[in-house]
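Trainee: I'd like to ask you about the structure that follows.
The values are calculated or read from the model by the stated rules, or taken from the named source; none is laboratory data. Remember, predicted model here, so these are calculated numbers, not experimental data. We place every Cβ from the backbone using ideal geometry, glycine too, and count neighbours over all the protein chains shown. Note: areas computed on protein heavy atoms with side chains; ligands, DNA, RNA excluded. Shrake-Rupley method; radii C 1.70, N 1.55, O 1.52, S 1.80 Å.
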Amino acid sequence: MILLSVESDNGTVLTYRLDKTQITVGSSSRNDVVVRSPGVADRHLVIHRANGQFTFVTAERQTVALNGEKRSRGVLNPGDKVRLGVEAPKEVPVHRREVYEAIKRNEAATLEKPASVESRPATTEG
């Protein structure tokens with residue numbers, strides 16, 4: 001039995017059995033493997049199994065990083081790492097749309113508030 005492990009950004013791992021000849025992967029609940037992450041298309045890629053070998057093809061205008069290399073098709077081997085979605089340097093925060101919108105609302109509310117000015121007594125030097 002061949003397994004596919006999907007690790008989310010928070011470290012949660014979901015495992016899927018690859019027992020079908022065609023496995024769809026994407027953000028839509030209609031897929032065999034659902035990955036809801038920024039930059040993942042409704043149907044991002046399809047994994048095919050034939051003669052004991054697994055290959056993948058991405059949807060049009062989609063790519064994945066296979067062991068760090070950007071690809072639109074390829075052969076999957078045990079231990080390979082496939083990355084889907086937004087790729088950004090570790091120091092760049094990537095947020096879900098709801099979180100992003102909440103951050104923007106908070107920033108806008110902060111900008112609308114008048115800045116407080118402290119009054120300090122004048123000092124004289126002598």
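Trainee: With every protein chain left in place and a probe of 1.4 Å, what is the accessible surface of S5, to the nearest 10 Å²?
Mentor: Roughly 80 Å² of S5 is accessible to a 1.4 Å probe.
Trainee: Please compute the length gained on full extension between T21 and E107, using 0.36 nm multiplied by the number of residues separating them and subtracting their Cα-Cα distance.
Mentor: Working: separation 86, 0.36 × 86 = 30.96 nm, distance 4.87 nm.
Going from the current span to full extension adds 26.1 nm.
Trainee: Using amide H atoms built in the peptide plane, which far-off residues or other-chain residues are under 5 Å from G74 H to H?
Mentor: Sorted by chain and number, the residues that satisfy this are F56.
Trainee: Amide H neighbours of S27 under 5 Å, at least 5 residues apart or on other chains, H built in the peptide plane: list them.
Mentor: The answer is V35, A41, D42, R43, H44.
Trainee: Sticking with this structure for a sec: According to the square roots a ≥ b ≥ c of the eigenvalues of the Cα gyration tensor, what is the shape class of the stretch 1-89, taking rounded for a/c under 1.5, prolate for a/b larger than b/c otherwise, and oblate for the remainder? Please list the in-between numbers first.
Mentor: Details: a/c = 1.34, a/b = 1.26, b/c = 1.07.
Rounded is the answer for the stretch 1-89, as its axis ratio a/c remains below 1.5.
Trainee: Tell me which of V64, L4, N51 sits at the most positive position along the dipole axis of the stretch 1-77, charges placed on C-beta atoms (Lys, Arg +1; Asp, Glu -1).
Mentor: N51
Trainee: Through the Karplus equation 6.51 cos²θ - 1.76 cosθ + 1.60, θ set to phi - 60°, convert the phi angles of the stretch 21-36 into ³J(HN,Hα) values in whole Hz; use x for Gly and Pro.
Mentor: Calculated HN-Hα couplings, in order: 7, 9, 10, 9, 10, x, 7, 6, 5, 7, 7, 5, 10, 9, 10, 9 Hz.
Trainee: Starting from the Cα gyration tensor of the stretch 1-40, take the square roots of the eigenvalues, sort them a ≥ b ≥ c, and report rounded, prolate or oblate (rounded when a/c is under 1.5, otherwise prolate if a/b is larger than b/c, else oblate).
Mentor: Values: a/c = 3.03, a/b = 1.26, b/c = 2.39.
Verdict is oblate for the stretch 1-40.
Trainee: Quick check on the stretch 29-69: take the gyration tensor over C-alpha atoms, sort the square-rooted eigenvalues as a ≥ b ≥ c, and tell me if it's rounded (a/c under 1.5), prolate or oblate. Please report the intermediate quantities before stating the final value.
Mentor: Details: a/c = 2.01, a/b = 1.32, b/c = 1.52.
It is oblate, given that a/c is not under 1.5 and a/b is not larger than b/c.
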